[in-house]
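J.: Below is the structure I would like to discuss, written out as structure tokens.
Laboratory data are not the source of any read-out in this text; all were calculated from the coordinates shown. Since we're looking at a predicted model, the values are computed, not measured. Neighbour counts run over all protein chains shown; Cβ positions are idealised from the backbone, glycine included.
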Amino acid sequence: MKTSVYVNLQRKIIVITLLVSFAPLILLGVTIYHQLAIKYKQKIVEQIRYRAVAQAEAVDLFLKGRTAILSAMADTHKFDYMIEGNNLAHIFEVMNSRAGAFVDLGVIDSTGQHKAYVGPYNLKGLNYYNQPWFGEVMSKGVYISEVYMGYRKIPHFIIAVRRQESQQAWILRATIDPEIFGGIVRAAQVGKTGDAFIVNKERIFQTNPRFSGSIHSQSKLDTTLFGGSTTVIELRDGDGKKRLYAGTWLKNKKWLLVINQEAAEEMAGLFTTYMEVVIIVAGILAIVLTTIFTTRLTVRRLREADTKMRELNAALVQSDKMAALGKMAAGVAHEINNPLAVILQKTGWMEDLLAEEKFQESENIEEFKASIKKIEAHVERARKVVHNMLGYVRKMEPLLEDVDINETLSQTITLLENYAKTNNIEIAPDFADSLPIIASKQDQLQQVFLNLISNAIDAISTDGLIKVISERNDKYIIVKIIDNGPGIPEDQQGKVFDPFFTTKEIGRGTGLGLWISYDITEKLGGTIHLSSREGEGTIFTIQIPIVHPEKK
């Protein structure tokens, strides 16, 4: 029934979309045919001009962004902090995670001494006082250098900012990755003959061109041909071919962004109007294929959403069932407590009677005492079950504590390690580094982990492996407990979280462990899921919400 509905929906969407799409496509083809010859050349010039302006803005924005983050780091951190320990390395990591494209980072004092450095080169301790850029930074406050060789003897350029701290001035300097910077410039290249590069006023390449020359070498292009605004000119290259050049001076007025392309390649479209029919047919085919693809994708996602909705409904039903069972268990527990108390009171009275002399002479006295002990043992077991039920169906206290999940898992494994070793079972922890401290209930979480790991040991019985894994995503800390035991039959998997359901032998389990674990996890705002295959083992996945503790 559901499949036929989705098939009919898909067919209707495809038909309607194609009918609406064909008419504008044909009209657009006719319009292009009449307007192309008139506006084509003007369009080519405007396009290359626009690309030059847009790419110049992108480059300026890139430099501005890196300068801003460098200035922010200098403004928010003191000199002594920067040069101490691994602080600069941490700042460098933050800068690259926020913006990227930084090769190294250094702190230089007012005498030019390199006090701290993070990067691939051995530059710490060098003196930059006589370097041309050092004076520029100290006088201007912010400086973007041109490409130069420097101490490292390879072409590179830097961004440096000065900070005045009390009576002391110091510099924070960073090298920009030439590959990333060059990639931003080369993004303006179009076609087989397109090129994009940056030169300075002395015609020195600041990025690698596509065809001739290299970074830090001299270009043959006359930069004086390009004025203050974006200029488009046509020149012949070394092979005598005409090329269109668009040049824009960047905001620093030192660098010229140049985009060029062979004129023949740009103008080739003017002589291909006879292909209009082919283009329209190709466009129609593309629309048909795209419509079919997007429609199928949309319908598939609708089906997936429908499936997820059914799973959510099943989870809600399970949650409602757990809530109802919890209320029922609380009522049953209270009702059972009173008879248990009476039974225990009467067994005590019976023990007192047996202590009297006339009963001591009975030949069945030992059998009476053994029977009373059995009654008391079973009453005590029933009281523990009732106590557990009452303890986990009541509402949790709102006060939370700081919890380290990895530490809680380690403590739990320690508790069960000897028990596991006696059965030749290895517990292998695999904890993610730097899990956040969360606000939760440690004792409750430890109870969950204890129940699940203990169940895994019982399921394996002997000679096996239990993996305890912790990891995280944006919202949750995830704990996985994986065993290589016999697994849980598929027909029983939907019942494992029900109270009093157990696969253990009579007398070895109450069937409350997984129900309690489910209840605790849900009250803490998390989830617990089961994945199991017979003969392959079982995986319990606990998702614990990341709730940051309040500042104390």
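J.: Pairs of Cα atoms under 8 Å, at least six residues apart: use those to get the relative contact order of the stretch 401-545, whole percent.
T.: On the way: 262 pairs, mean separation 34.1, N = 145.
About 24 percent, as a whole number.
J.: A follow-up question, please. Starting from 0.36 nm per residue, how many nanometres of slack lie between Ser212 and Val45 once their C-alpha separation is accounted for?
T.: Values: separation 167, 0.36 × 167 = 60.12 nm, distance 2.35 nm.
Taking Ser212 through Val45 to full extension adds about 57.8 nm, to one decimal.
J.: Among Ile91, Leu257, Phe500, whose Cα lies farthest out toward the positive end of the dipole of the chain, if unit charges sit on the beta carbon of Lys, Arg (+1) and Asp, Glu (-1)?
T.: Leu257
J.: How far apart, in nm, are the 7 Å Cα→Cβ label points at Asn338 and Met309?
T.: Placing both labels 7 Å along Cα→Cβ, they lie 4.8 nm apart.
J.: Quick one: net charge of Trp255's neighbours, Cβ under 10 Å, K/R +1, D/E -1? Provide the component values of the computation, followed by the final result.
T.: Values: positive: Lys201, Lys251, Lys253, Lys254; negative: Asp60, Glu146.
Result for the local shell: +2.
J.: What angle do you read, to the nearest 10 degrees and between 0 and 90, between the alpha-carbon axis of helix 365-393 and the longest principal axis of the chain?
T.: The angle comes out near 30 degrees.
J.: Could I ask something else about it? How far is helix 276-354 tilted off the main Cα axis of the chain, in degrees rounded to 10, range 0 to 90?
T.: 20
J.: Rounded to the nearest 0.05, what FRET efficiency do Leu9 and Glu471 give with R0 = 41 Å and r taken as the Cβ-Cβ distance? Could you check?
T.: Numbers: r = 39 Å, r/R0 = 0.95.
Step by step, r from the Cβ atoms, then E = 0.60.
J.: Related question: Once R0 is set to 25 Å, what does the formula 1/(1 + (r/R0)^6) return for the Cβ-Cβ distance between Phe22 and Val278, expressed as a FRET efficiency to the nearest 0.05?
T.: Values: r = 16 Å, r/R0 = 0.65.
The value I calculate is 0.95.
J.: Still on this model: Would you mind ranking Phe497, Phe22 by Cβ crowding within 10 Å, fewest neighbours first? Kindly include the intermediate steps, with their values, before the conclusion.
T.: Values: Phe497 20, Phe22 15.
So the residues, fewest neighbours to most, are Phe22, Phe497.
J.: About the Cα centre, and with charges only on the beta carbon of Lys, Arg (+1) and Asp, Glu (-1), how big is the dipole of the chain? Nearest 20 debye, please.
T.: Details: 64 positive and 63 negative charges, 716 e Å.
With only Lys, Arg, Asp and Glu charged at Cβ, the dipole is about 3440 debye.
J.: Calculate for the chain the 222 nm mean residue ellipticity that helices alone would give, adding -39,500 (n - 2.57) per DSSP H run of length 4 or more and normalising by residue count, nearest 500 deg cm²/dmol. It would help to have the intermediate numbers written out before the result.
T.: Values: 12 runs with 274 residues, N = 552.
That comes out to -17500 deg cm²/dmol.
J.: Would you work out the relative contact order for the chain, in percent, from Cα pairs under 8 angstrom that are 6 or more residues apart? Display every interim value, and only then the final one.
T.: Details: 763 pairs, mean separation 50.9, N = 552.
Relative contact order comes out at 9 percent.
J.: Compute the helix-to-body angle for 405-422: its Cα long axis versus the longest principal axis of the chain, expressed 0 to 90° and rounded to tens.
T.: Approximately 50 degrees, to the nearest ten.
J.: Also: For the pair Ala377 and Asp222, how long in nm is the line joining their label points, each one 7 Å along Cα→Cβ?
T.: Between Ala377 and Asp222, the simple spin-label model gives 10.9 nm.
J.: Continuing with this model, one more query. Rounded, prolate or oblate: which fits the stretch 414-456 when a ≥ b ≥ c are the square roots of the eigenvalues of the alpha-carbon gyration tensor, with rounded for a/c under 1.5 and prolate only if a/b beats b/c? Don't jump to the answer; show the numbers that get you there.
T.: Values: a/c = 3.13, a/b = 1.62, b/c = 1.93.
Since a/c reaches 1.5 but b/c is at least a/b, the shape of the stretch 414-456 is classed as oblate.
J.: Next up: Along the charge dipole of the chain, Cβ charges K/R +1 and D/E -1, which of Val103, Ile184, Met73 sits furthest on the positive end?
T.: Toward the positive end, the furthest listed residue is Ile184.
J.: A further question on this structure: Using label points projected 7 Å from each Cα along Cα→Cβ, tell me how many nm separate Asn96 and Ile292, to one decimal.
T.: It works out to 4.7 nm between the two label points.
J.: Mind jotting down a quarter of the surface of the convex hull over the alpha carbons of the chain, in square nanometres, one decimal?
T.: Values: hull surface 176.6 nm².
Its Cα hull, projected and averaged over all orientations, spans 44.2 nm².
J.: Taking the Cα centre of the stretch 30-149 as origin, sum charge times position over the Cβ atoms of Lys and Arg (+1) and Asp and Glu (-1), and report the length of that vector in debye to the nearest 20.
T.: 680
J.: Would you mind working out the magnitude of the charge dipole of the stretch 96-170 relative to its Cα centre, with +1 at each Lys and Arg C-beta and -1 at each Asp and Glu C-beta, to the nearest 20 Debye?
T.: 120
J.: Between rounded, prolate and oblate, where does the stretch 1-268 land on the alpha carbon gyration tensor, with a ≥ b ≥ c its root eigenvalues, rounded for a/c under 1.5, else prolate if a/b exceeds b/c? Kindly include the intermediate steps, with their values, before the conclusion.
T.: Details: a/c = 3.09, a/b = 1.57, b/c = 1.96.
Taking the square roots of the gyration eigenvalues as a ≥ b ≥ c, the stretch 1-268 is oblate.
J.: Express in nm, to one decimal, how much length is gained between Asp443 and Arg300 on full extension, taking 0.36 nm for each residue of separation and deducting their alpha carbon distance.
T.: Numbers: separation 143, 0.36 × 143 = 51.48 nm, distance 4.40 nm.
Fully extending the segment from Asp443 to Arg300 adds 47.1 nm.
J.: Can you put Ile48, Ile405 in order of Cβ neighbours within 10 angstrom, beginning with the fewest? Spell out each step's value before the answer.
T.: On the way: Ile48 22, Ile405 25.
Going from sparsest to densest Cβ surroundings: Ile48, Ile405.
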